[in-house]
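Read the structure below first, then the notes.
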Amino acid sequence: MNIHQGIQSIIDSFHDHIVIVDKHGMIAAVNKAWEKFGLENGQSSSTIGANYLAVLHNEQNSEALQAMLRILNKKSSYEELSYPCHSPNEERWFQMVIEPLHLSEKENGVIVIHQNRTAEVQAEYKLKDMLESMTDAFFSLDEHWKFIYINEEAERVLGKKREELQGRGLWAEFPEAVQEKFYENYMLTMNERVTTRFEEYHQPLNSWFEVVAYPSEYGGLSVFFHDINKRKEAEQKMHFYAYQDDLTELPNRRGVFKEIKQKIENGSSFSLLFLDLNGFKQINDTYGHDKGDELLKKVGARLQHSIGVPHFIGRLGGDEFLILINGCGQKEEVQPFIDQISACFDRPFGIDDHTSFTISTSIGISFYPYHSKEASTLVSMADTAMYEAKHSRKQEYIVYHPDMHEKIERRLHIEQGLAGDLREAGISFVLQPQMDMKEQIIIGAEVLSRWHHPVYGFIPPNEFIAIAEESGYMLKLASYMFCEIFIEMKKWIVRDRFNIRISFNVTSDLIASESFFDDLFDLIERFGIPTKYIELEITEEAEMTASRAVMQNLLRCRKQGIIISIDDFGTGYSTFAYLTDFPVDKMKIDKYFIDQIGANERTEAILKSMIQLSANLDCEVIAEGVETKEQLHFLIEHSCHAIQGYYVDRPLSIQVFEEKYVRGEQDGTVNSN
Ligand code: C2E
Ligand code: CA
Ligand code: CA
């Protein structure tokens with residue numbers, strides 16, 4: 001093996017004792033420190049050409065010997081062993097390091113180092129680094145920056161011949177390097193005598209290098225380097241993927257935040273639009289993830305096409321997209337873009353030959369710098385506003401407002417309450433009597449939910465019912481209501497022979513649900529409640545008339561003798577379709593019309609015809625929200641004798657209702673105000 005001059009000069013520059021052993025176990029090279037050590041210790045055997053294995057054997061270091069044989073026989077190529085050992089006279093201690101050395105493709109050698117534990121200077125030299133890079137490009141410089149030596153690999157990489165460079169100055173040969181990191185790092189190594197390690201792009205060679213520069217013993221530098229273009233390319237690819245969403249090929253969450261931060265650094269105003277698709281989950285659940293994914297792709301592509309450059313669109317995850325509109329710092333400016341986004345959702349999204357989806361979106365907006373100067377805060381504000389838009393049902397987009405946080409927190413608390421034990425949460429029921437004013441008897445009572453929340457106090461039923469509907473707790477709430485009231489009804493019927501109808505409000509979702517009615521009929525049977533004492537109040541909604549499920553469920557009720565009434569009659573969607581198409585027994589005229597009595601003749605006329613209509617259809621009628629004597633007189637005059645409202649009584653706790661209307665005065669005396 002021929003150890004070339006460069007390597008010899010490198011190993012000579014170390015204080016540690018170094019031996020290089022070839023594949024036959026013969027010493028191929030030693031450094032000056034080793035020679036000196038050998039002389040001092042009278043070990044003439046350990047010179048070039050000697051059998052190092054024999055030397056080791058003499059030292060009786062069998063473990064090291066075994067390791068070395070493993071490496072030389074190529075049974076192990078990455079072994080790195082480190083043993084404490086001492087000089088023959090036991091005066092000095094060393095750490096013996098044995099490492100494989102790839103001398104050529106076929107040849108394995110070994111390098112043995114006695115790291116001198118006592119020499120302080122040793123720490124300065126990162127010996128291992130150096131040895132590892134022996135297949136690297138290498139050159140050495142003298143203290144005047146002149147090339148002393150360059151190896152073949154360096155010739156290849158730098159594209160210059162050894163003869164061209166030797167004796168020439170580094171900075172004159174590579175002037176561009178002065179502008180690059182090479183200059184400051186080499187200067188540091190040269191002047192401060194410290195090792196520097198860095199990565200840099202060298203423009204003339206269009207190449208990235210990893211470089212280690214060591215100060216050499218004689219005052220110059222030893223520089224090792226190799227190109228890392230492949231790694232850099234991979235890194236760049238990784239970077240690209242790290243910031244891109246696989247599905248839509250839009251920037252992902254990380255990419256979005258990076259963009260926002262950059263925009264903030266630039267300092268010019270922008271608006272941040274947080275989009276969330278409405279009902280995406282249902283599509284995903286019903287049609288499968290593949291179709292859901294395809295829909296997301298289509299939505300992303302359409303939005304990008306519509307909004308696109310110079311603005312920005314990314315996908316935060318799930319069905320959430322984020323759009324940045326440059327230069328828009330307030331509501332008026334962003335309006336045209338909202339219109340543009342809305343237009344994207346006007347047409348259905350074609351998924352395949354047989355499938356297309358029509359979907360809408362809710363948008364929350366925050367403005368930089370008006371709302372915040374921080375990326376994550378801006379996003380969370382827009383998110384909050386989006387959430388608000390989603391629940392408003394009417395508004396497609398909403399601009400962030402600080403009050404929203406409180407609202408959302410409240411909503412979350414309410415949802416948590418609904419998720420737990422409803423009684424413990426403070427939910428109970430009240431009953432409001434319904435009276436026949438002609439006969440002066442109680443004819444029924446409506447059950448209304450009440451919630452005395454430990455934190456928020458009284459929560460209006462409209463609020464928590466809407467939340468229960470949206471978060472899927474309506475069935476639970478309804479079962480709780482039926483159980484609670486059926487217990488009382490059973491008691492009243494058996495004990496008090498109390499026989500009036502109790503009416504329950506049922507949301508349209510439940511009316512369409514077969515399992516709700518299965519549960520209800522189960523309970524009716526379990527508690528043994530005659531169905532004629534049960535009334536269900538439903539509201540008018542467009543979807544309901546079209547639904548076969550609703551019709552079937554209502555017919556099932558009629559067959560079983562349950563009374564169906566239309567709540568808030570006159571305010572809903574298509575009053576007459578309801579009356580003619582549906583099996584309806586009773587209409588509850590909304591408080592709106594009652595309030596107009598004595599104030600608006602036109603409304604009075606409508607009210608009169610509604611009462612007339614009920615008579616013609618042989619349908620019961622009751623007026624809701626009656627508060628005054630005047631209202632009462634008008635209603636009686638026009639033959640509506642059934643009334644519900646504060647004029648008769650407020651909604652009462654079960655206990656009070658029982659005392660007042662069940663046990664005591666069953667003839668139902670009306671209070672005198
Ligand atoms: P609703 O079904 O129209 O119930 C009548 C509402 O009017 C009740 O309000 C009642 O307290 C109120 N009210 C009765 N008489 C008068 C009056 O003379 N003057 C005035 N100003 N108001 C009167 P409440 O209890 O706040 O309920 C509001 C709505 O919440 C109900 O309207 C109903 O839609 C819903 N709701 C309440 N409890 C339940 C429930 O258990 N289930 C369902 N699905 N909805 C419920
Ligand atoms: Ca009602
Ligand atoms: Ca009502």
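Throughout, read-outs are computed from the coordinates displayed, never taken from laboratory work. Here the structure is a predicted model, which is why all the values come from computation and not from measurement. All Cβ positions, even for glycine, are placed from backbone atoms using ideal geometry, and neighbour counts span all protein chains on display.
The table for this structure:
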quantity: In Hz, Karplus ³J(HN,Hα) per residue of region 273-279 (6.51, -1.76, 1.60; θ = phi - 60°; x = Gly, Pro); calculated: 10, 9, 9, 9, 6, 8, x
quantity: Exceeding the 19 Å Cα-Cα cut-off - candidates Lys591/Lys660; Lys181/Lys232; Lys608/Lys629; Lys261/Lys373; calculated: Lys591/Lys660
quantity: Cα-based helix-to-principal-axis angle, 375-392 vs the chain, degrees rounded to 10; calculated: 20 degrees
quantity: Viscosity 0.890 mPa s, 25 °C: Kirkwood-radius Stokes-Einstein D of region 397-541 over Cα pairs, µm²/s; calculated: 145 µm²/s
quantity: Fraction of alpha-carbon pairs over 13 Å apart in region 443-506 - percent; calculated: 69 percent
quantity: Tilt relative to the chain, helix 514-527 - C-alpha long axis, 0 to 90 degrees, to 10; calculated: 60 degrees
quantity: Vicinal HN-Hα couplings computed from phi for region 599-610 (Karplus, 6.51 cos²θ - 1.76 cosθ + 1.60; Hz; Gly/Pro x); calculated: 10, 9, 5, 4, 5, 4, 5, 5, 4, 4, 6, 5
quantity: Extended-chain gain in nm, criterion 0.36 nm per residue less alpha-carbon gap, Val309 and His24; calculated: 95.9 nm
quantity: For Phe209, residues with placed amide H under 5 Å, excluding near neighbours; calculated: Glu200, Tyr201, His202, Ile228
quantity: Backbone HN-Hα couplings from phi across region 636-645 [Karplus 6.51/-1.76/1.60, Hz, Gly and Pro as x]; calculated: 5, 4, 9, 6, 9, 8, 8, 9, 9, x
quantity: Amide H contacts of Cys328 (H built 1.01 Å from N, under 5 Å, at least 5 apart or other chain); calculated: Phe270, Ser271
quantity: Size of the chain as Cα extents on the principal axes (Å, biggest first); calculated: 131, 57, 49
quantity: Mean-position separation - Cα centroids, region 184-209 and region 357-406, in angstrom; calculated: 50 Å
quantity: Loop-located trypsin sites (Lys or Arg not before Pro) in region 356-429, at most 16 other Cβ atoms within 10 Å (DSSP); calculated: Lys373, Arg393, Lys394
quantity: Pairwise centroid distance, computed over Cα atoms, of region 276-301 with region 437-456, Å; calculated: 43 Å
quantity: Options His452, Phe337, Gln395, ranked by Cα towards positive dipole end of region 333-481, top entry (Cβ charges); calculated: His452
quantity: Rounded tilt (10° steps) of 181-192 against the dominant C-alpha axis of the chain; calculated: 50 degrees
quantity: Value of relative contact order over the chain, rounded to a whole percent, pairs C-alpha under 8 Å and six or more apart; calculated: 7 percent
quantity: Where N is the number of residues in region 133-268, Cα Rg divided by 2.2 N^0.38 Å; calculated: 1.37
